[in-house]
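All remarks here apply to the structure that follows.
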Amino acid sequence: MQYDWDRDLDSKIRDISVMYEIAYSIGLSSDIKKEANNFLDKVLKRFGFEVGSLLVRDIENDKFNLVAAKGFIGSYAFFPIPFGGEVIGILRLFSYRDDAFSPKFIRMLNPLLNRLGSALHHILTIENYQRSERALFVEKEYLSVILHSIS
């Protein structure tokens, strides 16, 4: 005979295990598409969703770009991916179940989205730095050619 508190404890242990598995997998890649696809795969699998996508904000163009998508559209919910008081991405989840987006699920998802926001921001910062470095190198080469052609 299993008591309610046993079932509740088992449920909480499963929830912690899911949270740990997903949180541990965040930040393992320096490629934004791999990071987004990895997170999306884990959330869909562990929470039982059929469909989802993840958009990341392009600061230069102030628009959101689709970086990962799985499945086909049904009922849906959009969750912001925050970093530093701004939304830097959007997780879109879709399901055919009516009770898919429970308060418990949202409570579990929010800290994962905060961690993902930090990882995505880190990757975007590195990409922006590398892009700036390349642009600076090109400009330096251009100015060098001009200086050498003056004589």
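The values are calculated or read from the model by the stated rules, or taken from the named source; none is laboratory data. Quick caveat: nothing in here was measured; it's all calculated off a predicted structure. Neighbour counts run over all protein chains shown; Cβ positions are idealised from the backbone, glycine included.
The one condition from (1) assigned to a strand (DSSP E or B); (2) surrounded by fewer than 10 Cβ atoms within 10 Å (Cβ to Cβ) that Ile146 does not meet is (1).
Residues satisfying the criterion are present in the stretch 61-82 (criterion: within 24 Å of Asp15 (Cα to Cα), modelled with pLDDT of 85 or more and either assigned to a strand (DSSP E or B) or of a type outside the set (Gly, Ala, Ser) (or both)). Tallying residues that are surrounded by fewer than 23 Cβ atoms within 10 Å (Cβ to Cβ) and either among the hydrophobic types (A, V, I, L, M, F, W, C) or not in a strand (DSSP E or B) (or both) within the stretch 41-55 yields 10. Pairing residues of the stretch 57-69 that are within 20 Å of Tyr129 (Cα to Cα) with residues that are of a type in the set (S, T, N, Q) and surrounded by 11 or more Cβ atoms within 10 Å (Cβ to Cβ), at Cβ distances under 7 Å and at least 6 apart in sequence or on separate chains, gives Asp58/Asn65. Kindly indicate the residue of the stretch 83-93 that is assigned to a strand (DSSP E or B) and out of contact with any strand residue (DSSP E or B) (no Cβ under 6 Å at 6 or more places or on another chain) and also nearest to Leu116 (Cα to Cα) among those meeting that condition. Restricting to residues being assigned to a strand (DSSP E or B) and out of contact with any strand residue (DSSP E or B) (no Cβ under 6 Å at 6 or more places or on another chain), the top hit is Phe83.
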